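Participant: Input: one structure, supplied below.
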Amino acid sequence: MNLLSNNTRSFTRSTLALCIIASMHQGVAIAQEAEEGAVPSDAEIEVINVSGIRGSQEASIFNKRNASTVVDSIAATDIGKLPDVTISDSLQRISGVQIRRSAGEGASLNIRGLPQVVTQLNGEQYLGANSVVSTQPNFSDIPSPLFRGADVFKNATANLGNAGITGTVNLKTYRPFDFDEGSTFSGAAEVQRGDETRESDPNLSALYNWQNGDVGFMLSGNYANVNLANYYNGLNTGSPGDAGWTDRTSAADIGAPGRDGRVILGAQGFSAWNQATERERIGINSSTQVDLGEGFVFTADFFYTEQEEYNRKLGMSATNKWGPRGWFTPTEERPTGAMIDGGEMYAWQSAELYPSRLKSFTQNDVYNNRSTNLNLQLDYDNGGAFSGQFRAIIGRASQEHRHGYNEGDLTNGQTTLGRTTNLIPADKCGPDDEVVGDQGGCLQAINPLGYSEAPHLSYDTTGEHPVWSGFDRQLAGGLGAGATIADYMGNLASYNVGAFSSENNENAEGDVNAFSMKGKYLFDSGNITSLEAGIRYGQRGADYERYHLFSPVQTAGCMAQWKATDVLLGADAPSCSDGEMVNGEFMPYAALESIPLDQYNNVVQVTDYGPVSGIPGAWAVDPADYDDPEAFHNRVFGSSTRQIVPGSSFSADVAELSYFLQVNFEGLDGLLSGNAGVRVIETDLTVKQNIAGDNLPYSGTAIDTGDVLTKRDYTDVLPSLNLSYSVTDDVVVRFAYSENMTPLNLNQYGEGLTLNNALDSVAGSPTEGQFIVTGGSLAGNPELDPWRSTNYDLSVEWYTGAASMVSAAIFRVEIDSFTVSETVDMEMPDADGVVRRSVPINTLVQGEGGTLEGFEAGAKLAFSDFVDSGNLLASFGVDTNFTYSPSEGSGTDIYGEENMFNDNSERQFNMIGWYQGDRFEARIAYNYRSERLAGQGGWGALNLYQASTAYVDISASYDIDDNFTVYAQGSNITGEYEDYYLQWQDQYAFQNYYETRYIMGVRAKF
């Protein structure tokens, strides 16, 4: 489904390289055009040339003042002169726009607290690689220098096209006729550097434009290769969805008196790791325009992005996974007053840990993103009453995710398996192994230099960052008397490979095809100034596949998902067992023999765990070994196969036929203007889901036993009304009303049942030593309704100067339908296909009646609008806004209080202070976001929250002359990090820490 062939991709890389080489030959560096990149509305009244910070502020004010609904904008200088790598970083400066970061860079985006935001490119639907199956914008792979501006529509008009529930983002690229006649060449070259990675990363941009008034051609490109430092510490693996549970403890469970009736948050384990994220980005934007005469203008736009991303992670984990609960003792805790299961919930802050498994781990998640969007457009405007447009949109996007994982175990098996040996085939036996089987199989020591008792560690979360201790305590095992925990961690020979795996790999491919016609007729007189109408057909589809990698193990050719020392190829798997007779009884082989950590891999010593303290060095596999995890598994195990996860694989198609009618009017001697219209959308939904059968042996992967095809249709009639009243020449009051519909994420229609399995290590259990079902998710339901809302906005805007304004708005979003996560108990089979228990299954149900309301206030002030040019203050200005958006979502917390909408922050504040002189200009930008609900009720009935964050970015530039500018920028200069907690701020969950990054560069234009 990729629009570009491999040869074409090679051509685009070569084209970009030629642009960069050409720019260097001219002795300049390349960036986006800053002066010609105006940001006027579609109904352009005059040309606003963007020059410097004041110019960009003037352009965004002009756009807001002349818009037909509630709009905020950013212009090219805003994008180019703030330290914004992705377009999400730039958009976060707009009131009501909330972003989430990935490796410290701007990624996914909300407007007024909700992710149901539609992305447009030059006024039509855009398909990005990070949004193949979702509606939420995620721009982490889209470089900001490719854009001349962006509009954020807070409300809808009938002629807007596909719109989001709380907003629509329209990204605007350059086109040839945006520039003066002749040739234009501009660009930038910069070096980025992080205070942790300390690598010099290139970022190159180029733009060339030529036009003669009749024909124009534009080509721009961006190339970057960045290395980003990330750190994590807290609940094991950073995925609390499978890392925590509520544990009602007793004296027998914990080993401390006086705990009867107390309930605490139990944990699977705790970890600390560092992650080096490498992102290589390529972006290309090309546009051709031809004035055909008689009012016709033809435009062809080509927009291409590609990103290869490696997330190389390694660290330490102390875990009791698959072991009994009660493996740690809180030493500092407090009652919360919340009751669950007849006991009172206690929040704990420090504990003594007795993990059965202390290990290093390595993980690499690789993403290959590509997207191509092609626009063919014919506009007609001959200066008469009628103007029109025809457009054809073709979009293709794909995202591949590959996962590689390795554990470096320090235990000799006694603490996890209750044994220190495994049976292995004769060809794997060593000279010191005891031969016991009738086919020459032998008992092999699992890890002879590992420890034999559970380590005793201390964990304290009372400070700003967690503190570990206890690694100097002595530990029994293969290193002999007197050896400490740190001695085992520092001894490479004390590690063996606990497991190899490659799970949750993904292939996602999507496409968009749309055709639209619309026209506008102007009236010479009367209150109705124009009439607009149009029709559009759009189809969006996606094929999504998730798979685990299975590899052959030992002698019988059994295929295993988990290549691990604790997986036995037993006779309880009739389709494939492997072992031999020992003393007259069948004894299974282990799926993985004891393998030294460095037998198949390169190893590194981990000493950097970020801000967490107290952890000594540990040995781990180099995560770069899993840049291609499938090639690694083929090399070590032989030919591996991909096993599709049926519950997480699907295809979905949404086809929409829409048509609109909009009346534009004015009255009261021109003081009142506005529009009223209606858009009708007829939707056909087709979803193919897979039916999951029994699990394959030695895995948690079900067999695909067939398909379920669902087809349905629905129609939405969406009226809108926008009014603008000029109280004075400088004061405008707006009212906006609209009804909106946005389809669900496609995976919410298509995903089926997936189950989680864990090894039963409870002594005496009927399934001891087997993988049993512990929970799961039923994530998709094609019968769910789309998101629907009714939106109201009332705002006042005071324009105090060409580059100054003050505004305030109140808004209310009534969510008529949405999705709600709900946990229900369902009987599910264990890994062997036998149903023995009921487990919690997380599923989606229809929600109704949510509200989101609040207010926004903002000010853009250029002090030159208020003081004489000779005054020192005339060179300064501010751009600030505040958004308050409380919400009522679905469900209640542990106290019975209503939850806010997921991912929403009630308060957001931006402050940008700037200075613009004759040659020098500078900004400092502050972005604050209050706590947000990050997960609901899945952690022992506790909600997961991200604490408030405040990021500070700076930038400065100096114009050497009219053609050359040097600049420096810094992002996250205060070292802000993300702190997560469960329900109470003193119930620690985890932290994400991102580095401070600095940029130095040069721009040129001719």
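Participant: Looking only at residues in the range 401-435 that are acidic (Asp, Glu) and within 42 Å of the chain's Cα centre (by Cα), which one is surrounded by the fewest Cβ atoms within 10 Å (Cβ to Cβ)?
Facilitator: The qualifying residue surrounded by the fewest Cβ atoms within 10 Å (Cβ to Cβ) is Glu407.
Participant: Report, by residue number, each residue of the range 478-499 that is surrounded by 22 or more Cβ atoms within 10 Å (Cβ to Cβ) and touching a helix residue (DSSP H, G or I) at 6+ places or on another chain (Cβ under 7 Å).
Facilitator: Residues satisfying the conditions are Tyr488, Ser494.
Participant: How many of the residues in the range 654-678 are buried (at least 19 other Cβ atoms within 10 Å of the Cβ) and of a type in the set (D, E, K, R)?
Facilitator: Counting residues in the range 654-678 that are buried (at least 19 other Cβ atoms within 10 Å of the Cβ) and of a type in the set (D, E, K, R) gives 1.
Participant: Taking the range 118-138 on its own, how many of its residues are surrounded by fewer than 24 Cβ atoms within 10 Å (Cβ to Cβ), aliphatic (A, V, I, L, M) and outside any loop (DSSP other than H, G, I, E, B)?
Facilitator: Going through the range 118-138 one residue at a time, the tally reaches 1.
Participant: Could I ask something else about it? I need a count of the residues in the range 501-533 that are buried (at least 20 other Cβ atoms within 10 Å of the Cβ), in a strand (DSSP E or B) and hydroxyl-bearing (Ser, Thr, Tyr).
Facilitator: 2
Participant: Please identify the pairs in which a residue from the range 56-70 that is farther than 13 Å from Val806 by Cα and touching a residue at least 24 places away in the same chain (Cβ under 8 Å) has its Cβ atom under 6 Å from the Cβ atom of a residue that is of a type in the set (S, T, N, Q) and assigned to a loop (DSSP other than H, G, I, E, B), counting only partners at least 6 apart or on another chain.
Facilitator: Close Cβ pairs satisfying both conditions: Asn63/Ser41; Asn66/Ser41; Ala67/Ser41; Ser68/Thr157; Thr69/Asn155; Thr69/Thr157; Val70/Asn155.
Participant: Right, something else. Report yes if Pro431 is over 22 Å from Gly123 (Cβ atoms) and without any contact (Cβ under 8 Å) to a residue 12 or more places away in the chain, otherwise no.
Facilitator: Yes.
Participant: Could you name every one of the strands (runs of 3 or more DSSP E) located completely within the range 160-226 that has at least 2 residues being under 22 Å from Ser957 (Cα atoms)?
Facilitator: By residue number, 182-194, 201-211.
Participant: Looking at Ala956 and the list (1) part of a loop (DSSP other than H, G, I, E, B); (2) out of contact with any Gly (no Cβ under 8 Å at 6 or more places or on another chain), which single condition is not satisfied?
Facilitator: Ala956 satisfies every listed condition except (1).
Participant: Answer yes or no as to whether Phe660 is aromatic (Phe, Trp, Tyr) and within 30 Å of the chain's Cα centre (by Cα). Even if it seems obvious, please write down each step before you answer.
Facilitator: Details: aromatic (Phe, Trp, Tyr): yes; within 30 Å of the chain's Cα centre (by Cα): no.
Judged against the criteria, Phe660 is not a match.
Participant: Would it be correct to say that Ser639 is more than 20 Å from Tyr405 (Cα to Cα) and surrounded by fewer than 21 Cβ atoms within 10 Å (Cβ to Cβ)?
Facilitator: no
Participant: Are any residues in the range 280-289 in contact with a Ser or Thr (Cβ under 8 Å, 6 or more places away or on another chain) and either hydrophobic (A, V, I, L, M, F, W, C) or over 29 Å from Gly388 (Cβ atoms) (or both), and if so, which ones?
Facilitator: Once the filter is applied, which keeps residues that are in contact with a Ser or Thr (Cβ under 8 Å, 6 or more places away or on another chain) and either hydrophobic (A, V, I, L, M, F, W, C) or over 29 Å from Gly388 (Cβ atoms) (or both), the range 280-289 yields Arg281, Ile282, Gly283, Ile284.
Participant: Consider Asn159 against the criteria (1) more than 24 Å from Phe515 (Cβ to Cβ); (2) more than 23 Å from the chain's Cα centre (by Cα); (3) touching a residue at least 40 places away in the same chain (Cβ under 8 Å): it satisfies all of them except one. Which criterion is unmet?
Facilitator: (1)
Participant: Right, here's the next one. Does Asp472 satisfy being surrounded by fewer than 16 Cβ atoms within 10 Å (Cβ to Cβ), closer than 30 Å to Asn513 by Cβ and modelled with pLDDT of 95 or more?
Facilitator: Criteria not met by Asp472.
Participant: State which residue is surrounded by the fewest Cβ atoms within 10 Å (Cβ to Cβ) when the search covers only the range 885-911 and only residues that are out of contact with any Lys or Arg (no Cβ under 6 Å at 6 or more places or on another chain) and not in a loop (DSSP other than H, G, I, E, B).
Facilitator: That would be Glu898.
Participant: What residue, of Asn203, Asn209, Asn155, is more than 25 Å from Asp962 (Cα to Cα) and either modelled with pLDDT under 95 or buried (at least 22 other Cβ atoms within 10 Å of the Cβ) (or both)?
Facilitator: Testing whether each residue is more than 25 Å from Asp962 (Cα to Cα) and either modelled with pLDDT under 95 or buried (at least 22 other Cβ atoms within 10 Å of the Cβ) (or both) leaves just Asn155.
Participant: Could you please find all residues in the range 564-587 being over 23 Å from Glu434 (Cα atoms) and of a type outside the set (Gly, Ala, Ser)?
Facilitator: Within the range 564-587, Asp572, Pro574, Cys576 qualify.
Participant: So, in the range 364-399, how many residues would count as being buried (at least 23 other Cβ atoms within 10 Å of the Cβ) and in contact with a Pro (Cβ under 9 Å, 6 or more places away or on another chain)?
Facilitator: So the count comes out to 1.
Participant: Also, quick follow-up: Within the range 591-623, count every residue that is of a type outside the set (Val, Ile, Thr) and touching a Pro at 6+ places or on another chain (Cβ under 9 Å).
Facilitator: 5
Participant: A further question follows. Is at least one residue of the range 541-552 at pLDDT below 95, more than 30 Å from Thr683 (Cβ to Cβ) and hydrophobic (A, V, I, L, M, F, W, C)?
Facilitator: no
Participant: Tell me which residues, restricted to the range 601-635, are crowded, with 16+ Cβ neighbours inside 10 Å and out of contact with any strand residue (DSSP E or B) (no Cβ under 7 Å at 6 or more places or on another chain).
Facilitator: If the condition is that a residue be crowded, with 16+ Cβ neighbours inside 10 Å and out of contact with any strand residue (DSSP E or B) (no Cβ under 7 Å at 6 or more places or on another chain), then Pro616, Asp625 are the ones that fit.
Participant: Taking into account only those residues within the range 843-864 that are surrounded by fewer than 17 Cβ atoms within 10 Å (Cβ to Cβ) and not aliphatic (A, V, I, L, M), which is nearest to Asn899 (Cα to Cα)?
Facilitator: Here the answer is Thr851.
Participant: For the structure I just gave you, tell me whether Gln846 is in contact (Cβ under 8 Å) with a residue 60 or more places away in the chain and touching a helix residue (DSSP H, G or I) at 6+ places or on another chain (Cβ under 7 Å).
Facilitator: Details: in contact (Cβ under 8 Å) with a residue 60 or more places away in the chain: yes; touching a helix residue (DSSP H, G or I) at 6+ places or on another chain (Cβ under 7 Å): no.
The answer is no for Gln846.
Participant: Another question, then. Would you say Ile810 is out of contact with any helix residue (DSSP H, G or I) (no Cβ under 8 Å at 6 or more places or on another chain), in a strand (DSSP E or B) and more than 28 Å from Phe62 (Cβ to Cβ)?
Facilitator: no
Participant: Of the conditions (1) loosely packed, with under 13 Cβ neighbours inside 10 Å; (2) within 30 Å of Arg812 (Cβ to Cβ), Asp730 satisfies every one except a single condition; which number is it?
Facilitator: Every listed condition holds for Asp730 apart from (1).
The rows are residues; the columns are (1) part of a strand (DSSP E or B); (2) over 30 Å from Gly647 (Cβ atoms).
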| position | (1), (2) |
| --- | --- |
| Asp694 | yes, no |
| Pro697 | no, no |
| Gly700 | no, no |
| Leu709 | yes, no |
| Asn722 | yes, yes |
| Glu739 | yes, yes |
| Asn747 | no, no |
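Participant: Here is a further query. Return the residue satisfying two criteria in turn: it lies in the range 795-815 and is within 22 Å of Arg679 (Cβ to Cβ) and crowded, with 16+ Cβ neighbours inside 10 Å, and of such residues it is farthest from the chain's Cα centre (by Cα).
Facilitator: It comes out as Phe811.
Participant: Restricting the range 663-692 to residues that are without any contact (Cβ under 8 Å) to a residue 40 or more places away in the chain and under 30 Å from Gln748 (Cα atoms), which is nearest to the chain's Cα centre (by Cα)?
Facilitator: Only one residue fits best here, namely Thr686.
Participant: Which one of Asp598, Asp608 is in a loop (DSSP other than H, G, I, E, B), in contact (Cβ under 8 Å) with a residue 24 or more places away in the chain, out of contact with any helix residue (DSSP H, G or I) (no Cβ under 9 Å at 6 or more places or on another chain) and closer than 30 Å to Phe471 by Cβ?
Facilitator: Being in a loop (DSSP other than H, G, I, E, B), in contact (Cβ under 8 Å) with a residue 24 or more places away in the chain, out of contact with any helix residue (DSSP H, G or I) (no Cβ under 9 Å at 6 or more places or on another chain) and closer than 30 Å to Phe471 by Cβ holds for just one of Asp598, Asp608, which is Asp608.
The values are calculated or read from the model by the stated rules, or taken from the named source; none is laboratory data. Computed from a predicted model, the values in this text were never measured in an experiment. All Cβ positions, even for glycine, are placed from backbone atoms using ideal geometry, and neighbour counts span all protein chains on display.
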